Structures are given as C-alpha cells and as structure tokens.
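I have placed the structure first, in the form of structure tokens, so that the comments after it can refer back to it.
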Amino acid sequence: MRVKRLKKYYIETFGCALSEFDSSTMDSILSQNNFEKTSEISEADIIIVNTCAVRLDTEAKILKRLKEIKKNYGNSKLIVSGCLAKARPSLINRVVQNASLISPQNVTRILEVVNNKDKIVLIDGERNTDFIPTPPIEDSIATIMIEEGCVDNCSFCITKLARKTLRSYKPRIIIEVFEKLVKNGVKEIRLTGQDIAAYGLDFNPKFRLDDLINTILDKIKGDYRIRIGMMTPDKSIEIIDNLLSYYNDERIFKFFHIPVQSGDDEVLKIMNRNYTIDDYKQLHNKIKSKYPDSLFATDIIVGHPGEDEEAFQNTVKLVKDLRFERVYLAQYSIRPRTKAAYMEQVPEPIKKERSLILNEVIKQIDLDIYKKYVGNEYEALVTSHGFKKNYVMARLNNYFPIAIKGDSDLIGKRVKVKISNATYFDLRGEVIDRNYEKSLLEIHTISDGN
C-alpha cells in the first residue's frame, strides 16, 4: 500500500521573543497534526514567514524576502503571519497578493489556513489564552510568553497596532507548561511578553507578575533558572518591592530589562511614557541597592522627534551616571499610523551621528564593567551552544554571558569557570571544574545527612 506523503512546512521568523514564541506555537500545532517540518525552503509545500513591524529596515528586509519567495517558490502556499500582517495588511497584499494573512492573535488557528487551498485572512480577534503549546527546547533553554499587549500607548510604537489588547495567560496554564519543561530537563526558562510587568492587570481580581513568580517558585521544585523579561518602568514601580524579595531565590537570574528610551523628561512626554527620569533613577537605585551585581539592561531610542542637542546630552549623562550593563540602542525609525510619524523629524545625519557617539560611550562603560570579572572564578550554568564552533554559552547568576570552549555535553550543567578575557558584550572563560555540579550535590547530601 502506498504511504501518503506528509506535507512539509517551513517557518522563517523575523523579530523578537514574541515572534519566536508565535512561530513555536504554529510549529507545535503543525508537527502534531501530520505535517512535517523542513529546514529547506525548496522542499516546503507551505511557507510561513512570521514578521516584525518594529523598524523600517526590518520591514524592508521582510518585503524583499517575500518578493524572493514569490519569484522562486511560487508553487508553495505562502502564509504571512505576525505583526506586519496585522499592522500593515494592505502592504503585504500589494507585495504578495495570493498570500494568506494571520495575525499574532490567530496563530493557534494555523490549521484552518494550511488546510484551505484558498487565500485566508485571519487578522481580527483576540488571542486565545487558554492554550499554550509546549515550547520548543533549544539546548537547555525554553521561552514562555505569559502575556501579549500592554496598557500604554507610546507615540513611536507600531507594535501597539499589532498587539493592541493586554491578554494574560492564566497562571494555571503557565504553571502546567513550566512544570513540563522542568521535567524535560530545561535549565533556563525565559518569561516573555510585550510588558510582563503589566501581567495580570486584565484579571479580576488582579494577579500580578510578582504573584506569578511567587507561585512558580512555591509549586515547582527543581534545578532551573528563570529569566524575567522586559518590563516598563511605570508598571515595574508598582510591583518592584515584592518582586525584589523573590529575586533572593537562586532560581531567578539577577537580570532586569527595563527600557528608559530617553534620558530627557521632555522627550519622555513626547514619547508618551508614563514616568520621569527621577522615577527611573529611583527604580534603578532600588534594584541596584539590593542586587549591586545584577545585569541591568535598558533600551534607548536616539533621534526621536523632539530630541534636540540638550535632550541628547541628557541621555548621554544618564548612561554615564547609571552605567547600564547592557544597552539596546536604536535610531528612531518612522512607523506609519503612529503619532510620532506626524511630528517634525530629526534629520538622518544627526540621528546617525548621535547614535555613533552614544554607542562609543556605552561600549567603554560596558568594557570597564566586564573587565572587572577577568581573573576571577565563578559558578556558571551552561545553557546553549555558542556562536562559534566548539564553544558553549554559560551564564553567571546575574546573567552575564560567558563564551567557553567546550563540548555539547556541558550544556545543562553547572561548572566552575575562570574568566580569562572580556569584551564590551560578553566574558570569555575556561572550565576549571567540569564536576562542579556533582561536588555541589555531594556537599548538599552530606549537609542534609547532618
């Protein structure tokens, strides 16, 4: 009897952790419903391009890629998903007229699209938060999206058009998935969302991020680490005291990602950000007073409308004063249908010059910070393969990254490392005790026996 060939699908993802989560959702549904994944686009019956809308340059890359796919793989069913499909469907339609469109909120309906020969458009509605497929495990890392959307309305943000409504996943659903990942040996679990400090504001009664973290730590035992994702300053301030008390647990990486966006109060007002620089400094000080060695990451936009030279210098001063361990720097990019797009723009040469100036400040500060680790020994958790062949990536308890020469059998293990070098972006080290985890277990066993 002739065996029916499974249809093959190929997924290409642009964008952030939310896009990756949505891709993994579609991947999980398709793989469990008699579709076969391929890493070769030429083999695919179904091509899914999961898009991002945050920046103009990313949008241009996506449109170029869609044209290439239309030209070279026109016989395959093309599905465009993600933020660009939701925020700019007419643009996608002009480029690839026959492509089906599916918004981030509808990724759980992917079977409806792939099983229909016709063009399908699913860009309305809200996300189903009663279901989270088990996320894919990459080395010893997995990501859970705990919420979508936010309650703010920043003038520069097109993502608000794609992920409008705050929708939090129920704690029970998150706990079930989290527990399954731990049982499957995952060591680093990343909690992500558009603004996870807003988690639970849509519940009645409210159940905030600090409540969720407390519940996870209480209910799920095991050797794992949580990386708490991006939080807006104003929503972080509301929960920070309780949240910091839970950071005492060794199962939470001492990592904070709280975007400031600008160091100038007037620009923050134009951006429609709901805090002042003093508010932000107080938040930073509260965190650093309790966890001085934590990795505090932030985002900064250079050249937003309203940023004059004085405002830019205020941002430079803030970076120098607070000495962030990581800064994600971006030049402002005009996005259609946003308030900032209709404001008077900062000329491109000035944006570029300011970006170069601030980037040099950031690199020097971070190099100074990272160099202090050189020559010291630390416990580290090896979480993934490195960017170079025969290297793995490890994390200190404050989430500082260490590139280590080593085999894949180190992944998922705690080792003792000595830091030999540093760049402005990461540490370089060598393993000095591969059996460090075994030694720790023996110490705990003896201690428990006493």
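The values are calculated or read from the model by the stated rules, or taken from the named source; none is laboratory data. Note that the coordinates shown come from a computational prediction; the quantities given were computed from them, not determined experimentally. Glycine also receives a Cβ, built like all others from the backbone with ideal geometry; neighbour counts cover every protein chain displayed.
Just one of the numbered conditions (1) surrounded by fewer than 20 Cβ atoms within 10 Å (Cβ to Cβ); (2) under 30 Å from Lys290 (Cβ atoms) is not true of Asp366; which one?
Here Asp366 clears every test but (1).
When the residues of segment 213-226 are narrowed to those that are in a helix (DSSP H, G or I) and β-branched (Val, Ile, Thr), which ends up nearest to Val151 (Cα to Cα)?
Selected residue: Ile213.
Could you check how many residues of segment 227-279 are in contact (Cβ under 8 Å) with a residue 60 or more places away in the chain and part of a helix (DSSP H, G or I)?
4
For segment 388-400, which positions are surrounded by 19 or more Cβ atoms within 10 Å (Cβ to Cβ) and either of a type in the set (D, E, K, R) or not in a loop (DSSP other than H, G, I, E, B) (or both)?
If the condition is that a residue be surrounded by 19 or more Cβ atoms within 10 Å (Cβ to Cβ) and either of a type in the set (D, E, K, R) or not in a loop (DSSP other than H, G, I, E, B) (or both), then Val392, Met393, Ala394, Arg395 are the ones that fit.
Every residue in segment 53-81 that is under 17 Å from Asp22 (Cβ atoms) and modelled with pLDDT under 95, please.
Residues satisfying the conditions are Ala53, Val54, Thr58.
Within segment 323-356, can you find the residues that are more than 12 Å from Phe156 (Cβ to Cβ) and under 23 Å from the mean Cα position of the chain (by Cα)?
Correct list: Arg323, Phe324, Glu325, Arg326, Val327, Tyr328, Leu329, Ser355.
Would you check which residues across segment 139-165 are part of a strand (DSSP E or B) and out of contact with any helix residue (DSSP H, G or I) (no Cβ under 8 Å at 6 or more places or on another chain) and list them?
Correct list: Ile141 only.
Can you report the number of residues in segment 308-352 which are of a type in the set (Lys, Arg), over 26 Å from Tyr399 (Cβ atoms) and surrounded by 15 or more Cβ atoms within 10 Å (Cβ to Cβ)?
Number of matching residues: 3.
Are any residues in segment 336-361 closer than 17 Å to Val267 by Cα, part of a helix (DSSP H, G or I) and without any contact (Cβ under 8 Å) to a residue 60 or more places away in the chain, and if so, which ones?
Ala341, Tyr342, Ile350, Lys351, Arg354, Ser355, Leu358
Within segment 45-63, is there a residue that is of a type outside the set (Phe, Trp, Tyr) and closer than 25 Å to Ile175 by Cβ?
Among the residues of segment 45-63, not one is of a type outside the set (Phe, Trp, Tyr) and closer than 25 Å to Ile175 by Cβ, which makes the answer no.
Would you call Thr165 within 17 Å of the chain's Cα centre (by Cα) and surrounded by fewer than 24 Cβ atoms within 10 Å (Cβ to Cβ)?
Criteria not met by Thr165.
Is there any pair with a first residue in segment 34-50 that is assigned by TED's automatic domain parsing to the domain that holds Asn115 and a second that is exposed (fewer than 14 other Cβ atoms within 10 Å of the Cβ) whose Cβ atoms are under 8 Å apart and which are 6 or more apart or on different chains, and what are they?
Asn34/Leu6; Phe35/Leu6; Glu36/Leu6
Could you list, in sequence order, all residues of segment 9-27 that are at pLDDT below 90 and aliphatic (A, V, I, L, M)?
Passing the criteria: Ala17, Leu18.
Somewhere in segment 315-326, is a residue more than 28 Å from Thr423 (Cβ to Cβ) and either assigned by TED's automatic domain parsing to the domain that holds Lys351 or in contact with a strand residue (DSSP E or B) (Cβ under 9 Å, 6 or more places away or on another chain) (or both)?
Looking through segment 315-326, none of the residues is more than 28 Å from Thr423 (Cβ to Cβ) and either assigned by TED's automatic domain parsing to the domain that holds Lys351 or in contact with a strand residue (DSSP E or B) (Cβ under 9 Å, 6 or more places away or on another chain) (or both).
Does segment 182-212 hold any residues that are within 30 Å of Lys413 (Cβ to Cβ), assigned to a helix (DSSP H, G or I) and more than 18 Å from the chain's Cα centre (by Cα), and which are they?
Passing the criteria: Val182, Lys183, Leu212.
For segment 106-131, enumerate the residues that are touching a residue at least 60 places away in the same chain (Cβ under 8 Å) and under 23 Å from the mean Cα position of the chain (by Cα).
Val107, Thr108, Ile110
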